[in-house]
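Down below is the structure, laid out as structure tokens.
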Amino acid sequence: MNDKTLVIVDAGHGGIDSGAVGNNLKEKDLTLEAAKYMFNRLQDLGINTVMTRTDDEYLPKRDRINRILSLYNNNPNTLIISNHINAGGGEFTYHYII
Ligand SMILES: [Zn+2]
């Protein structure tokens, strides 16, 4: 990490795409909660951070990719964290790309 580092925090799913659903929980809500937490925590640490969505927005795959690409803006110091929460084992996963 350096002062040029940009972290893009993606909250998986959203809107009509609920993702996994179970136990009265929707993946889209949990990923947004996790993403907001990460965003606030990273901002507190002085790390330049943006989110792909900040509310219950539906982002079709292509739109999500385009949004990430425009935030990424060819900055080689970019870290992308995409939050997903699996239904089966209830485990939390995230994917990152440097
Ligand atoms: Zn997911």
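Couple of notes before you dig in:
- Taking the range 8-51 as the range and being within 13 Å of the ligand (Cβ to nearest atom), assigned to a loop (DSSP other than H, G, I, E, B) and under 25 Å from Pro76 (Cβ atoms) as the test, only Gly12 passes.
- Residue match in the range 61-79 (condition: within 13 Å of the ligand (Cβ to nearest atom) and in a loop (DSSP other than H, G, I, E, B)): no
- Residue tally, condition surrounded by 13 or more Cβ atoms within 10 Å (Cβ to Cβ) and free of Cβ contacts under 8 Å to residues at least 40 places away in the same chain, over the range 34-53: 4
- Qualifying residue in the range 1-9 (condition: surrounded by 15 or more Cβ atoms within 10 Å (Cβ to Cβ) and of a type in the set (D, E, K, R)): no
None of the figures in this text is laboratory data; all of them are computed from the coordinates on show. A quick note: this is a predicted structure, and the numbers were derived from the prediction, not measured. Quick reminder, even Gly has a Cβ in these numbers, built from the backbone with ideal geometry, and neighbours come from all protein chains shown.
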